[in-house]
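Peer 1: The structure under discussion is supplied below as structure tokens; questions concerning it will follow.
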Amino acid sequence: MKTVLIVEDHSRVALLIQSYLKRDGYNTLLAFDGLSAVKSFEKNQPDLLILDVMLPGLSGLEIVKRVRKNSSVPIIMLTAKSEENDKLTGLKLGADDYIVKPFSPNEMVARVDALFRRVEYDQPGSRGISRQIKYKDLILDSERQEVFYKNIEIDITALQFRILETFIKSPGQVFSRAALLEQIQAEGEIFERTIDAHIKNIRKLIGESGNKAGLIHTVHGVGYKFE
């Protein structure tokens with residue numbers, strides 16, 4: 001299990017990033033100022049660093065300098081739109097990626113996943129690493145966020161992927177619409193009835209129709225389950 005050190009002086013932002021990374025199976029550490037970040041990094045040796053540019057004590061750019069003296073750990077910088085020069089400086093100092101605030105937490109997780117894939121892919125003997133879940137004609141690749149049905153990749157949204165992943169990890173469990181919303185941690189104006197539309201689309205994508213056909217079953221008055 002990978003460990004990510006989140007360095008962000010706004011606790012609400014830090015905790016939001018932490019909750020989404022934990023949902024995807026990452027260990028997390030928090031630091032709210034530059035000096036604490038350096039101490040935590042040296043003590044815990046995390047696998048990836050999410051680093052705000054503007055921090056009390058040491059700036060994010062100064063931390064990148066210190067880290068790059070002895071470590072090639074992946075670094076994602078957080079910058080405001082007004083900090084473009086800092087963004088470019090961070091990349092020149094050795095940061096691997098950057099995200100401009102305000103950002104989507106799901107985009108953050110996707111960037112973290114992609115950066116770890118890149119690191120693993122570049123390691124000898126690690127080509128093609130993936131985390132696949134297989135059931136009959138259905139394959140989900142959690143690492144690459146890809147879905148294959150009968151060996152053909154299907155075009156699925158990130159939200160639909162999380163719904164399908166929730167089902168396939170808990171076959172036979174009945175999920176209410178509210179429980180599914182909680183599991184997938186949907187952002188924005190996503191209502192319980194919206195789940196019905198997403199499941200209808202998922203059924204179409206995997207060649208199913210009707211409430212009792214195939215893998216996804218409707219449990220009337222309750223919700224859905226995956227058989």
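The values are calculated or read from the model by the stated rules, or taken from the named source; none is laboratory data. These figures come from a predicted structure and were not determined experimentally. A quick note on method: Cβ atoms are made from the backbone with ideal geometry, for glycine too, and the neighbour counts reach across all protein chains shown.
Peer 1: Among the residues of the stretch 32-48, what is the count of those that are out of contact with any helix residue (DSSP H, G or I) (no Cβ under 7 Å at 6 or more places or on another chain) and closer than 16 Å to H10 by Cα?
Peer 2: Within the stretch 32-48, the subset out of contact with any helix residue (DSSP H, G or I) (no Cβ under 7 Å at 6 or more places or on another chain) is 33, 35-36, 39-40, 42-47.
Those still in the list that are closer than 16 Å to H10 by Cα too: 33, 35-36.
Within the stretch 32-48, residues that are out of contact with any helix residue (DSSP H, G or I) (no Cβ under 7 Å at 6 or more places or on another chain) and closer than 16 Å to H10 by Cα number 3.
Peer 1: Return the residue satisfying two criteria in turn: it lies in the stretch 205-227 and is in a strand (DSSP E or B) and within 17 Å of Y149 (Cβ to Cβ), and of such residues it is modelled with the lowest pLDDT. Quick ask: steps written out before the conclusion?
Peer 2: First, the residues of the stretch 205-227 that are in a strand (DSSP E or B): 216-219, 223-226.
Cutting the leftovers down to within 17 Å of Y149 (Cβ to Cβ) gives us 216, 226.
Values: I216: 87, F226: 84.
Selected residue: F226.
Peer 1: Test of understanding: among L51, L61, L55, which residue is surrounded by 15 or more Cβ atoms within 10 Å (Cβ to Cβ), on the phi < 0 side of the Ramachandran plot and in a strand (DSSP E or B)? Break it down into steps so the answer makes sense when it comes.
Peer 2: Values: L61 fails: in a strand (DSSP E or B); L55 fails: in a strand (DSSP E or B).
Being surrounded by 15 or more Cβ atoms within 10 Å (Cβ to Cβ), on the phi < 0 side of the Ramachandran plot and in a strand (DSSP E or B) holds for just one of L51, L61, L55, which is L51.
Peer 1: Any residue at all in the stretch 138-145 that's charged (D, E, K, R), farther than 30 Å from G60 by Cα and at pLDDT below 85?
Peer 2: First pass over the stretch 138-145, keeping only residues charged (D, E, K, R): 141, 143-144.
From what is left, the residues that are farther than 30 Å from G60 by Cα are 141.
Still in the list and also at pLDDT below 85: 141.
Yes, the stretch 138-145 contains at least one residue that is charged (D, E, K, R), farther than 30 Å from G60 by Cα and at pLDDT below 85.
Peer 1: Please tell me if D86 is modelled with pLDDT of 85 or more, surrounded by 15 or more Cβ atoms within 10 Å (Cβ to Cβ) and not β-branched (V, I, T).
Peer 2: no
Peer 1: Could you say which residue among I195, I202, I156 is surrounded by 14 or more Cβ atoms within 10 Å (Cβ to Cβ), assigned to a loop (DSSP other than H, G, I, E, B) and either modelled with pLDDT under 75 or not assigned by TED's automatic domain parsing to the domain that holds M108 (or both)? Walk me through how you get there before you give the answer.
Peer 2: Values: I195 fails: assigned to a loop (DSSP other than H, G, I, E, B); I202 fails: assigned to a loop (DSSP other than H, G, I, E, B).
Matching residue, one of I195, I202, I156: I156.
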